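Enquirer: Once you've had a glance at the structure underneath, I'll fire off some questions.
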Amino acid sequence: MQTVNDISALRSFVNEQKRQGKTIGFVPTMGNLHKGHITLIKEARKQTDIVVSSIFVNPTQFGEGEDFDSYPRTLESDSTQLAEAGCHLLFAPSTNAMYPAESSQWATVHISNITTRHCGAARAGHFDGVSTVVCKLFNLVTPDIAFFGKKDFQQLAVIRRMVEALCFNIQIVGVETVRETNGLAMSSRNGYLSEIEKQVAAILYQQLKNTRQHIISGNNDYATLAKQAQQALVNAGFNPEYFNICQADTLEPATVNDHSLVILAAAKLGKARLIDNIDFDK
Ligand code: PAF
């Protein structure tokens with residue numbers, strides 16, 4: 001695996017691969033890689049000839065008081081894992097390369113509507129930061145296919161909208177969430193949990209599955225189901241941020257007539273803010 005830090009080296013690599021007729025798969029990350037990221041790389045290997053991954057802890061998607069400074073930076077072990085998984089090129093730019101001082105304020109990509117609820121409500125400006133950096137990365141890597149984990153369900157929906165709205169010629173693939181044996185969705189932020197909290201954290205997914213079961217069995221009282229799940233989370237020691245039963249495409253509140261649903265949840269446990277979701281047809 002090659003590693004490049006600057007934009008011109010990335011572009012030369014990509015141009016050469018395209019000249020040879022190779023397809024490019026892209027897996028953007030913020031590093032501190034776990035099995036979920038490696039699954040994305042392996043999926044990219046299956047579907048494309050050349051796999052490019054990026055590691056960039058993007059400052060613009062962190063709000064004030066969030067964990068930008070303490071976000072784990074583990075470039076060495078990340079590179080080893082990427083190489084072992086068959087990634088061909090790692091792009092690890094500096095902040096200055098991605099946001100040159102003179103141009104960093106010139107443009108922000110804002111995707112409307114789908115960004116207002118859920119994580120968008122709790123983390124002002126977060127999705128602007130995500131869509132701006134992913135837009136830049138797409139323009140740099142110019143992949144044929146880009147791969148995102150379904151754990152960040154709203155992020156995936158935002159990226160799909162951005163691709164459609166801004167006419168990117170890139171296919172977006174959402175990859176199933178990878179879980180610990182107890183059901184906890186893998187996340188770089190799980191490192192903030194103690195061993196006991198990791199056991200408790202699995203209750204978030206249990207509540208998602210439990211609520212899905214009620215809905216599939218015919219319970220359409222979504223407001224009450226969401227309230228009960230939030231209460232169960234509080235009882236288990238979580239501080240829930242939201243537990244929303246939504247229409248799977250628009251992420252608007254689900255009505256009884258919607259069949260394609262997703263339940264989105266976020267909750268704080270100890271020092272970690274956990275998010276998870278479950279999508280299903282009823
Ligand atoms: O999901 C992430 O790790 C980040 O939000 C992404 C897509 C790499 C953009 O910084």
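Enquirer: If a residue has to be away from the ligand (no atom under 16 Å from the Cβ), more than 15 Å from A265 (Cα to Cα) and either without any contact (Cβ under 8 Å) to a residue 60 or more places away in the chain or not in a loop (DSSP other than H, G, I, E, B) (or both) to count, how many in segment 172-199 make the cut? Show your work before the answer.
Expert: Step one: list which residues in segment 172-199 are away from the ligand (no atom under 16 Å from the Cβ), which gives 179-184, 193-199.
Imposing the further condition that a residue be more than 15 Å from A265 (Cα to Cα) reduces the set to 179-182, 193-199.
Next, from what is left, pick out any that are either without any contact (Cβ under 8 Å) to a residue 60 or more places away in the chain or not in a loop (DSSP other than H, G, I, E, B) (or both): 179-182, 195-199.
Residues in segment 172-199 being away from the ligand (no atom under 16 Å from the Cβ), more than 15 Å from A265 (Cα to Cα) and either without any contact (Cβ under 8 Å) to a residue 60 or more places away in the chain or not in a loop (DSSP other than H, G, I, E, B) (or both): 9 in total.
Enquirer: State which residue pairs qualify: first residue farther than 21 Å from H259 by Cα and aromatic (F, W, Y) and inside segment 220-242, second residue surrounded by fewer than 20 Cβ atoms within 10 Å (Cβ to Cβ) and modelled with pLDDT of 95 or more in any location, beta carbons under 7 Å apart, and separation of 6 or more residues or different chains.
Expert: Going by the 7 Å Cβ cut-off, the qualifying pairs are F238/K268.
Enquirer: Next up: Considering only residues that are more than 9 Å from the ligand (Cβ to nearest atom), open to solvent by 40 Å² or more (accessible area, probe 1.4 Å) and in contact (Cβ under 8 Å) with a residue 60 or more places away in the chain, look in segment 126-164 and name the one that is nearest to K46 (Cα to Cα).
Expert: Ranking the qualifying residues of segment 126-164, first place goes to D144.
Enquirer: Give the residue that is surrounded by the most Cβ atoms within 10 Å (Cβ to Cβ), with candidates limited to residues of segment 168-203 that are touching a Leu at 6+ places or on another chain (Cβ under 6 Å) and under 25 Å from Q231 (Cα atoms). Break it down stepwise before answering.
Expert: Residues of segment 168-203 touching a Leu at 6+ places or on another chain (Cβ under 6 Å): 174-175, 197, 201-202.
Subset that is under 25 Å from Q231 (Cα atoms): 197, 201-202.
Numbers: E197: 18, A201: 27, A202: 18.
Filtering first and then ranking leaves A201.
Enquirer: A further question on this structure: Find the residue count for segment 208-219, including only residues that are surrounded by 20 or more Cβ atoms within 10 Å (Cβ to Cβ) and either touching a Leu at 6+ places or on another chain (Cβ under 6 Å) or without any contact (Cβ under 8 Å) to a residue 24 or more places away in the chain (or both).
Expert: Going through segment 208-219 one residue at a time, the tally reaches 1.
Enquirer: Taking the condition of being within 10 Å of the ligand (Cβ to nearest atom) and surrounded by 21 or more Cβ atoms within 10 Å (Cβ to Cβ), how many residues in segment 43-62 meet it?
Expert: 5
Enquirer: I'm trying to understand the selection: among the residues of segment 220-236, which are outside any helix (DSSP H, G or I) and open to solvent by 50 Å² or more (accessible area, probe 1.4 Å)?
Expert: So the first thing to find is which residues in segment 220-236 are outside any helix (DSSP H, G or I), and the list is 220-221, 236.
Matches in segment 220-236: N220, D221.
The values are calculated or read from the model by the stated rules, or taken from the named source; none is laboratory data. From a predicted model like this one, the values you see are computed outputs, not experimental measurements. No Cβ is skipped: glycine too gets one built from the backbone with ideal geometry, and neighbour counts run over all protein chains shown. These accessible areas exclude ligands, DNA and RNA; they are computed on the full protein's heavy atoms, side chains included. Shrake-Rupley method; radii C 1.70, N 1.55, O 1.52, S 1.80 Å.
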